[in-house]
Amino acid sequence: MSLPPFPRYESTVVAQFFGHTHFDHLEIFYDTETFQRALSVAYIAPSVTTYDHLNPGYRVFTVEGPHPNSSWAILDHETYIMNLTEANLSDNPQWTKEYSAKETYGLSSLAPADWDNLVQRMVSNDTILQTFFRLYWKSHSPTTTCGHHCKKQYLCEIVTGRSHDPHMCRQFDLSITEAMLYRKAKTFC
């Protein structure tokens, strides 16, 4: 497995941007020596296309810059969705702001360490976890809540930026294999 060059380039690579999983989520990458320091965040934005009864969505990032000495840091992101149920009832579909990351999660910044702190808060704060779960599904979840096993699965997915790396899931008493199997079978949700 090749390792991402984040320690070497962490002052240059401010984030990673992905899409088309149809869901709204992120992954955090950690140093490979102690697995304690968050180095990078992969933002996985929702897709505009629908899938398995999911609302369409898109994301707008606010970035610091352009100006001399800009850090180009990600300052915030806002996600917009179109409620398909409402759109099918009228001839005028509306895109509405679903949430702002900083506002919804109470983040002081979108730095990797702040996202890591959010994960630690989700461990003990079920309200934050349920909010993440609802937004992951673009406000169209197949179930109303995320239970104990579901919680472990989602937290494991967030902290496992390095695919198939078991280190970070151990803190949630879940192996990476279990998380991948449950995710595929959707048995937790």
Discussion item. Suppose we keep only residues that are of a type in the set (Gly, Ala, Ser) and under 16 Å from Pro112 (Cβ atoms) within the stretch 67-81. Which one would you say is surrounded by the fewest Cβ atoms within 10 Å (Cβ to Cβ)?
Written reply: Ser71
Worksheet, complete the sentence: Screening Trp115, Trp72 for residues that are modelled with pLDDT of 90 or more, under 24 Å from Asp31 (Cβ atoms) and not in a helix (DSSP H, G or I) leaves only Trp72
Discussion item. Just to verify a result, which residue in the stretch 82-106, among those that are in a helix (DSSP H, G or I) and modelled with pLDDT of 95 or more, is surrounded by the most Cβ atoms within 10 Å (Cβ to Cβ)?
Written reply: Ala101
Practice prompt. Could you please find all residues in the stretch 134-145 being in contact with a Phe, Trp or Tyr (Cβ under 8 Å, 6 or more places away or on another chain) and free of Cβ contacts under 8 Å to residues at least 24 places away in the same chain?
Written response: Thr145
Fill in: Whichever residue in the stretch 34-66 is of a type in the set (Val, Ile, Thr) and without any contact (Cβ under 8 Å) to a residue 60 or more places away in the chain and, among such residues, is surrounded by the most Cβ atoms within 10 Å (Cβ to Cβ)
Ile44
Practice prompt. Can you tell me which residue within the stretch 12-26, out of those that are under 16 Å from Asp114 (Cα atoms) and assigned to a loop (DSSP other than H, G, I, E, B), is nearest to the chain's Cα centre (by Cα)?
Written response: Ala15
Practice prompt. Check the stretch 168-181 and report whether any residue there is of a type in the set (Val, Ile, Thr), more than 26 Å from Thr49 (Cβ to Cβ) and at pLDDT below 85.
Written response: yes
Item to complete: Report yes if some residue within the stretch 131-152 is buried (at least 18 other Cβ atoms within 10 Å of the Cβ), modelled with pLDDT under 90 and among the charged types (D, E, K, R); otherwise report no.
Response: yes
Discussion item. Quick test of your reading of the structure: His53 fulfils all but one of (1) part of a helix (DSSP H, G or I); (2) on the phi > 0 side of the Ramachandran plot. Name the failing condition by number.
Written reply: (1)
Worksheet, complete the sentence: Taking the stretch 132-157 and keeping only residues that are part of a helix (DSSP H, G or I) and closer than 21 Å to Tyr58 by Cβ, one is left with Phe132, Phe133, Arg134, Leu135, Tyr136
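Condition check ((1) free of Cβ contacts under 8 Å to residues at least 24 places away in the same chain; (2) in contact with a strand residue (DSSP E or B) (Cβ under 8 Å, 6 or more places away or on another chain); (3) among the polar types (S, T, N, Q)) across all residues:
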position	(1), (2), (3)
Leu89	yes, no, no
Gln94	yes, yes, yes
Glu98	no, yes, no
Leu118	yes, no, no
Met122	no, no, no
Item to complete: Consider Ser109 carefully, then state whether it is in a loop (DSSP other than H, G, I, E, B) and surrounded by fewer than 16 Cβ atoms within 10 Å (Cβ to Cβ).
Response: yes
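The values are calculated or read from the model by the stated rules, or taken from the named source; none is laboratory data. Please read these numbers as outputs of a predicted model, since none were measured by experiment. Don't worry about glycine lacking a Cβ; one is built from the backbone with ideal geometry, like all the others, and counts go over all protein chains shown.
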